[in-house]
Amino acid sequence: MISGITQQIVDTPDGAAAVVLTPRGELDLSAIASLDAAARTALTAAPTPPRLIVDLSEASVLHPVVLGVLLDARRRCRAGGGQLALIVTAPDIAATLTETGVESLFEVTSGLPAALQRVSNR
């Protein structure tokens, strides 16, 4: 079960802002509604184009059922001309992305500096 989600706004290398969501705990079926609501709120708060980073470094488990929320957030970012990046540090979470075949759909990094670079205008 998810134990919370924090949201912060940080500057990107190109001087724009990005919203960073950090969910904690198990991202499973019970976390879908909370994560979806947090992503929608973050995208509303994000500048144009939307730049969203989902920091999964404090998530203990990523169940495949949650990937739909992340894919929807990615779609919304791209529709607004923006980017979404994931921070993944746990091998199990990286394996879930790879095994489900969605890893290539995301900008996956191992830390915030790289994620900020990925969502910056290039």
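The values are calculated or read from the model by the stated rules, or taken from the named source; none is laboratory data. These figures come from a predicted structure and were not determined experimentally. No Cβ is skipped: glycine too gets one built from the backbone with ideal geometry, and neighbour counts run over all protein chains shown. Heads up: the accessible areas ignore ligands, DNA and RNA and are worked out on the full protein's heavy atoms, side chains in. Shrake-Rupley method; radii C 1.70, N 1.55, O 1.52, S 1.80 Å.
Here are some notes:
- Residue (of ALA114, GLY101, HIS63) at the positive-pole extreme of the chain, dipole from beta-carbon charges: ALA114
- Taking the protein heavy atoms of the chain in the context of the full set of protein chains, the accessible area attributed to carbon and sulfur is 53 percent at 1.4 Å.
- Around PRO47: net Lys/Arg minus Asp/Glu count, Cβ-Cβ under 13 Å: -1
- Report summary: the helix-based calculation at 222 nm, which adds -39500 (n - 2.57) for every DSSP H run with n ≥ 4 and divides by the residues of the chain, gives -11000 deg cm²/dmol.
- Cβ-based net charge around GLY25, under 15 Å, with every Lys or Arg adding one and every Asp or Glu removing one: -4
- Semi-axis lengths, Å, the chain, gyration tensor of Cα atoms, sqrt of 5 times eigenvalues: 21, 15, 13
- Each Lys and Arg contributes +1 and each Asp and Glu -1, all at the Cβ; summed about the Cα centre of the chain, the dipole is approximately 460 debye.
- Residue separation of ALA33 and GLU103 scaled by 0.36 nm, minus their Cα-Cα distance, works out to 23.0 nm of gained length.
- Note on ARG40 and SER110: their simple-model spin labels are 3.6 nm apart, each label 7 Å out from Cα toward Cβ.
- What the chain shows is 47 Å² of accessible area per residue, with the surface traced by a 1.4 Å probe over protein heavy atoms.
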